[in-house]
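Okay, so here's the structure we're looking at.
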Amino acid sequence: MKSKFIKSVLVASSLVMVLAGCGQGASSSTTSQQNNKQGNPVEIEFWYGNSGVIGETTKDLVEQFNQSQDEVKVNAVFQESTNNIGKKLLTAIVGNAVPDVVQLNARFWPAFAYNKALLPLDPYIQNDPEFNYSDFVDSFVDNTLIEGKTYTIPFNRSTPILYYNKDIVKEIGLDLEHPVTTWDEMMAAAKKATVVKDGKTERFGYASLLPPLYYYSLMWSNGGDILSPDQKDVVIDQAPAIQGLEMYRKMIYDDKIMMQPLGGNRDGDQEMINFQNGKVAFLLASTGDLNQIQNNVKFKLGVDFVPKFKEYAVPSTSGGNLAIVAKAPKEKQDAAWKFIKFLTDKQQTIYFAQHTGYMPIRKSAIEAPEMVKFYEENPFFKTTVDQLPYGRGIPVVPDFEKIETEIQNALGKTYAENVPAQESMKEAADKIRELLKK
């Protein structure tokens, strides 16, 4: 697997061949050197992929960095989504017109790292006494390494979490602070909360956002997984992994208590809109959605851990990491490291967490007096951190983007076409096994 090359849909040659055949851009390097000699700041390009409140907060931090010093100027370029960054970066590498620092999600960065498109960051980490990588939350750091080398730094990280309408919870007679703990309790609560009139569902008891990461919580909680421990075989079609999906299928089609996941984007998921409008009682969504949901609901909001089968489990790799592009000139790589240091410093971590709902990536930020006070005033944010010890990472393998696409297709067939979980996941597993053989 590790020898596989990413192939562009536009260019038949492999990414590794492109990287091997193209050195650093001479004109960019020369311009950087000239700017430095003239006392001008080194300009770097930063690609980010979040919109809405998260995007605005990211731009605020870029502006704060630019105003805090005069050695580096960051030009932030919005790329529509973190998934889109992965696709555009490949094209940029092929075209030899790369950005310098990028926000990449867990689906994409391993493929670029395996193919030497990202710069190993260990020399910076080891030689920078101000950085203190041991201060980062352990479960976040796990998803930055390949064969002992660090290729990315955690930035905006989140986990799924359960949102609920306290007015409805009170109506159906459940505890207002912890209405459900297990998935059996969730199903029972969803049945009570669902409202049907004249054969039409006016209020669903439960909904979940569409991406696979929300399903991983159910799978891991039940003892299932995506790949075997040695990452050489697929286990997502085994009983522990499919029980949660089959439960969802029955909730959607048999009991009709779960809204069919429809998807959208972070600011326009129909499931989230329906929840905010009181048409869904319980919603599985991201901690990164907390600010948006709080600002848009007109009822009493509740937040709690994702329900469990056997044990609590949530993916801690949702969101994005920061990476430096290997083809960027050395001077721009050094400038990019200064920018990454700033974005992930304790104070910026606190600022980003308080303004977005994403979790603090540094332990010192979680324990900081201003964050402790913030949690006292905003207990929902504290719930997201309390759930963090149950975080797990997705496999760090070159083709995970393709693997997850097959998982997404399987989920879609069950959600949209009422295909039994065993059937949809077996089809996905067979295709993933073929990917692993290549």
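The values are calculated or read from the model by the stated rules, or taken from the named source; none is laboratory data. The shown structure was predicted, so the numbers you read here are calculated from the model rather than taken from an experiment. Cβ: placed from backbone, ideal geometry, glycine included. Neighbour counts: every protein chain shown.
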| request: Considering each residue of segment 358-381, count those that are basic (Lys, Arg) and touching a Phe, Trp or Tyr at 6+ places or on another chain (Cβ under 9 Å), and give that number. | output: 2
| note | In the set 62, 94, the lone residue that is farther than 27 Å from residue 312 by Cβ, among the β-branched types (Val, Ile, Thr) and at pLDDT 95 or above is 62
| said: If I ask for residues that are touching a strand residue (DSSP E or B) at 6+ places or on another chain (Cβ under 6 Å) and outside any helix (DSSP H, G or I), which ones from segment 339-354 would you list? | reply: 344
| Are there any helices (runs of 4 or more DSSP H) wholly within segment 212-317 with 1 or more residues that are without any contact (Cβ under 8 Å) to a residue 40 or more places away in the chain and among the polar types (S, T, N, Q), and if so which? | 270-276, 290-296
| said: Suppose we filter segment 82-119 for residues that are surrounded by fewer than 17 Cβ atoms within 10 Å (Cβ to Cβ) and either touching a residue at least 24 places away in the same chain (Cβ under 8 Å) or in a loop (DSSP other than H, G, I, E, B) (or both); how many remain? | reply: 7
| query | Mind checking whether some residue in segment 270-292 is within 23 Å of residue 180 (Cβ to Cβ) and of a type in the set (Lys, Arg)? | reply | yes
| task | Give segment 397-411 a look and list any residue that's touching a residue at least 12 places away in the same chain (Cβ under 8 Å), part of a helix (DSSP H, G or I) and either in contact with a Cys (Cβ under 9 Å, 6 or more places away or on another chain) or more than 21 Å from residue 313 (Cβ to Cβ) (or both), or say none. | result | 401, 402, 406, 409
| request: Kindly indicate the residue of segment 41-73 that is under 19 Å from the mean Cα position of the chain (by Cα) and aliphatic (A, V, I, L, M) and also nearest to residue 156 (Cα to Cα) among those meeting that condition. | output: 54
| field | Where a residue in segment 423-438 is assigned by TED's automatic domain parsing to the domain that holds residue 403 and under 13 Å from residue 409 (Cα atoms) and its partner, wherever it lies, is hydroxyl-bearing (Ser, Thr, Tyr) and surrounded by fewer than 17 Cβ atoms within 10 Å (Cβ to Cβ), with Cβ under 9 Å and at least six apart | value | none
| message | Can you find, within segment 365-422, the residue that is farthest from residue 156 (Cα to Cα) among those that are crowded, with 19+ Cβ neighbours inside 10 Å and acidic (Asp, Glu)? | response | 406
| Hits in segment 230-252 - residues which are more than 21 Å from residue 416 (Cβ to Cβ) and surrounded by fewer than 20 Cβ atoms within 10 Å (Cβ to Cβ) | 230, 231, 232, 233, 235, 238, 239, 240
| Number of the exception - residue 204 against (1) surrounded by fewer than 23 Cβ atoms within 10 Å (Cβ to Cβ); (2) within 21 Å of residue 304 (Cβ to Cβ) | (1)
| message | Checking residue 76 against (1) within 20 Å of residue 327 (Cβ to Cβ); (2) out of contact with any helix residue (DSSP H, G or I) (no Cβ under 9 Å at 6 or more places or on another chain); (3) at pLDDT 90 or above: exactly one of these is not met. Which one? | response | (2)
| query | Which numbered condition trips up residue 279, out of (1) within 25 Å of residue 97 (Cα to Cα); (2) touching a Phe, Trp or Tyr at 6+ places or on another chain (Cβ under 9 Å); (3) among the basic types (Lys, Arg)? | reply | (1)
| said: Test of understanding: among 350, 366, 340, which residue is closer than 26 Å to residue 92 by Cβ and either in the same structural domain as residue 122 (by TED's automatic domain parsing) or in contact (Cβ under 8 Å) with a residue 12 or more places away in the chain (or both)? | reply: 340
| Check on residue 394, outside the structural domain of residue 240 (by TED's automatic domain parsing) and in contact (Cβ under 8 Å) with a residue 40 or more places away in the chain | yes
| Does residue 227 meet the test of being within 28 Å of residue 171 (Cβ to Cβ) and surrounded by fewer than 23 Cβ atoms within 10 Å (Cβ to Cβ)? | no
| query | So which residues in segment 182-195 are farther than 11 Å from residue 279 by Cα and either touching a residue at least 24 places away in the same chain (Cβ under 8 Å) or touching a His at 6+ places or on another chain (Cβ under 9 Å) (or both)? | reply | 182, 183, 185, 186, 187, 189, 190, 191
| How about segment 147-180: which of its residues are within 27 Å of the chain's Cα centre (by Cα), in a loop (DSSP other than H, G, I, E, B) and farther than 21 Å from residue 213 by Cβ? | 147, 148, 177, 178, 179
| Can you tell which of 336, 323 is surrounded by 22 or more Cβ atoms within 10 Å (Cβ to Cβ) and in a strand (DSSP E or B)? | 323
